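K.L.:
First the structure, which I've put down as structure tokens, then a few questions once you've had a look.
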Amino acid sequence: MNRLEPADALQQRTHEDLDAFLARHRRRAIAHAWRALAWPAALLVVIALAVSADLVADVATGASGVHLTAESILLVVALVGVLGTGLKLRAALQDGAEVLGELEVARLDLAHWRGDAAQRSLGDGAVPR
């Protein structure tokens, strides 16, 4: 566009562009967080299932109390790891949403100030770019 838009029109257009930008980047952030944290959680779930199956087999075969206690501790550690990783994933997604919200505010402020500066420069006889 060769002429400057009024501040309200510029802000409206920028807001619509920003909505599309935020939707695109919110999806990317969520996908990235899931990829980054889902595999450790899945690994810990597999470990918890394997330890659980072994624990059931050991009880059926009459394993010693020390052995059952050690495996029970490992099971609890794996389950705590799954819970901790899930909570970390949730926090990462919330942090990402907060950052995107702050970005939205900053971009709207930028559009406002650009529009204001454009109107002022036109009032001073400046040539729009």
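The values are calculated or read from the model by the stated rules, or taken from the named source; none is laboratory data. All of these numbers come straight from a predicted model, not from anything done at the bench. So basically every Cβ, Gly included, is an ideal-geometry build from the backbone, and we count neighbours across all protein chains shown.
K.L.:
Please go through the stretch 46-64 and pick out each residue that is over 10 Å from residue 75 (Cα atoms) and not charged (D, E, K, R).
P.N.:
Listed by number, the residues that qualify are 46, 53, 56, 57, 59, 60, 61, 62, 63, 64.
K.L.:
Would the stretch 75-92 turn up any residue that is closer than 30 Å to residue 24 by Cα, at pLDDT below 90 and among the polar types (S, T, N, Q)? Can you show your working first?
P.N.:
Here is the first cut: in the stretch 75-92, the residues closer than 30 Å to residue 24 by Cα are 82-92.
Then drop every residue that is not at pLDDT below 90, which leaves 82-92.
Imposing the further condition that a residue be among the polar types (S, T, N, Q) reduces the set to 85.
Taking every residue of the stretch 75-92 in turn, at least one turns out to be closer than 30 Å to residue 24 by Cα, at pLDDT below 90 and among the polar types (S, T, N, Q).
K.L.:
Filter the stretch 28-63 for residues that are part of a loop (DSSP other than H, G, I, E, B) and touching a helix residue (DSSP H, G or I) at 6+ places or on another chain (Cβ under 9 Å) and give the result.
P.N.:
First, the residues of the stretch 28-63 that are part of a loop (DSSP other than H, G, I, E, B): 62-63.
Across the stretch 28-63, the qualifying residue is only 63.
K.L.:
Exactly one of (1) at pLDDT 75 or above; (2) outside any helix (DSSP H, G or I); (3) of a type outside the set (Val, Ile, Thr) is unmet by residue 2. Its number?
P.N.:
(1)
K.L.:
In the set 59, 76, which member is free of Cβ contacts under 8 Å to residues at least 60 places away in the same chain and either touching a Leu at 6+ places or on another chain (Cβ under 9 Å) or aromatic (Phe, Trp, Tyr) (or both)?
P.N.:
59
K.L.:
I'd like to know if the stretch 31-44 contains one or more residues that are within 19 Å of residue 102 (Cβ to Cβ) and at pLDDT below 85. Give the steps one after another, and end with the answer.
P.N.:
Taking the stretch 31-44 first, the residues within 19 Å of residue 102 (Cβ to Cβ) are 32-33.
If we keep only those that are at pLDDT below 85 as well, we get 32-33.
Yes - at least one qualifying residue is present in the stretch 31-44.
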